Amino acid sequence: VIEILFDSKKDQKINVETSYLVYNCSWQPFYKINVPSDLKEKKITMLSKIIQKTGEDWENVKLSISNAIPLRGVSLPSLNPWFLNIYPERKLQMKKDKLGKVLLYEMIPATSEKEAGMVQAERKVLPLSFEYEFPGLLSIKSKEEETILSLFEKEIKGETFYLSIPKKSNLTYFVLEATPDRELLNGYMNVYFSGRFIGKTYLKEKKAGEKFYLNLGADRNVKVKRIKVI
């Protein structure tokens, strides 16, 4: 409930726009990549898992999500000095009584010591992040289940090759070497090759142009045998 008290000299209509922050809502990206048998149009789909447990149902809302990194404050991190000590060489010295019996071994420090100091949503490109705005109005209930919405689908560039490590396995794997852009974030990825589900992997966030590798499955027609030559 929002209560507004104002004093006006005459009857009139006013527009009030409000905004507020809520907790227990977030989103996570995950992906689906499709590689056809002819290897021509390799498609990657980015979807969003929206968690909405605010206790209030969202009815006909305009929803947008962002990959901006939330900060608890605006202070910059500071680097404290890191002091490295070189421990001195220690020698064992035996202490004996008058009769020559050993009483104990004592650690005697060396005299020198040194110290070292060590110094398919609409995408909006913002200066530090991306924002995706879903078309139309959405209704998302507050619940434990996740709501999945598609963000975009686009072609991904990449080359394929065979990889074999005979010391580990006699299988030969068909691998896609892909080059993403900076829009891909951390998230799980389902991999499909020639319309078949191959498996699930985890995609770590990459810099633009940094390559990543996807296993498209083992080729049973290629056999590798390892022979150790002395």
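Thr147 meets each of the listed conditions (1) touching a Ser or Thr at 6+ places or on another chain (Cβ under 8 Å); (2) surrounded by 14 or more Cβ atoms within 10 Å (Cβ to Cβ); (3) within 30 Å of Cys25 (Cα to Cα) apart from (1).
The criterion of at least 2 residues that are under 30 Å from Lys204 (Cβ atoms) is met, among strands (runs of 3 or more DSSP E) falling completely within the range 18-88, by 25-35, 43-52, 64-66. Within the range 14-40, residues that are of a type in the set (D, E, K, R) sit with their Cβ atoms under 6 Å from residues that are open to solvent by less than 90 Å² (accessible area, probe 1.4 Å), at 6+ positions apart or across chains, in these pairs: Lys32/Thr45; Lys32/Asn190. Evaluate the following for Glu56: is it open to solvent by 60 Å² or more (accessible area, probe 1.4 Å) and either modelled with pLDDT of 85 or more or touching a Pro at 6+ places or on another chain (Cβ under 7 Å) (or both)? Judged against the criteria, Glu56 is a match.
Of everything in the range 181-197 that's farther than 14 Å from Ile44 by Cβ and assigned to a strand (DSSP E or B), which residue is nearest to the chain's Cα centre (by Cα)? The selected residue is Phe197.
Looking at the range 1-53, which of the residues that are modelled with pLDDT under 85 and of a type in the set (Gly, Ala, Ser) is farthest from Arg123 (Cα to Cα)? Looking at the filtered set, the residue picked out is Ser8.
For the range 187-218, the set of residues classified as open to solvent by less than 70 Å² (accessible area, probe 1.4 Å) and of a type in the set (S, T, N, Q) consists of Asn190, Ser194, Thr201, listed by residue number.
On the given criteria, is Glu115 more than 21 Å from the chain's Cα centre (by Cα), loosely packed, with under 11 Cβ neighbours inside 10 Å and at pLDDT 75 or above? Walk me through how you get there before you give the answer.
Numbers: more than 21 Å from the chain's Cα centre (by Cα): yes; loosely packed, with under 11 Cβ neighbours inside 10 Å: yes; at pLDDT 75 or above: no.
Against the criterion (more than 21 Å from the chain's Cα centre (by Cα), loosely packed, with under 11 Cβ neighbours inside 10 Å and at pLDDT 75 or above), Glu115 does not qualify.
Could you tell me whether the range 61-75 includes any residue that is of a type in the set (Ser, Thr, Tyr), more than 26 Å from Ser150 (Cα to Cα) and either open to solvent by 100 Å² or more (accessible area, probe 1.4 Å) or within 28 Å of the chain's Cα centre (by Cα) (or both)?
Yes, the range 61-75 has at least one match.
I need the full set of residues from the range 198-230 which are outside any loop (DSSP other than H, G, I, E, B) and among the β-branched types (Val, Ile, Thr), in order please.
We begin by selecting, within the range 198-230, every residue outside any loop (DSSP other than H, G, I, E, B); these are 198-203, 212-218.
Passing the criteria: Ile198, Thr201.
Looking at the structure I just gave you, is Asp11 closer than 30 Å to Val191 by Cβ and assigned to a loop (DSSP other than H, G, I, E, B)?
Working: closer than 30 Å to Val191 by Cβ: no; assigned to a loop (DSSP other than H, G, I, E, B): yes.
In short, no.
Identify the residue in the range 161-186 that is of a type in the set (Ser, Thr, Tyr) and either touching a Phe, Trp or Tyr at 6+ places or on another chain (Cβ under 9 Å) or within 20 Å of Pro36 (Cβ to Cβ) (or both) and, among all such residues, is most open to solvent (accessible area, probe 1.4 Å). Only one residue tops the list, namely Tyr162.
The values are calculated or read from the model by the stated rules, or taken from the named source; none is laboratory data. No experiment lies behind these values; they were computed from the predicted model shown. We place every Cβ from the backbone using ideal geometry, glycine too, and count neighbours over all the protein chains shown. Please note that ligands, DNA and RNA were not included when accessible areas were found on the heavy atoms of the full protein model with its side chains. Shrake-Rupley method; radii C 1.70, N 1.55, O 1.52, S 1.80 Å.
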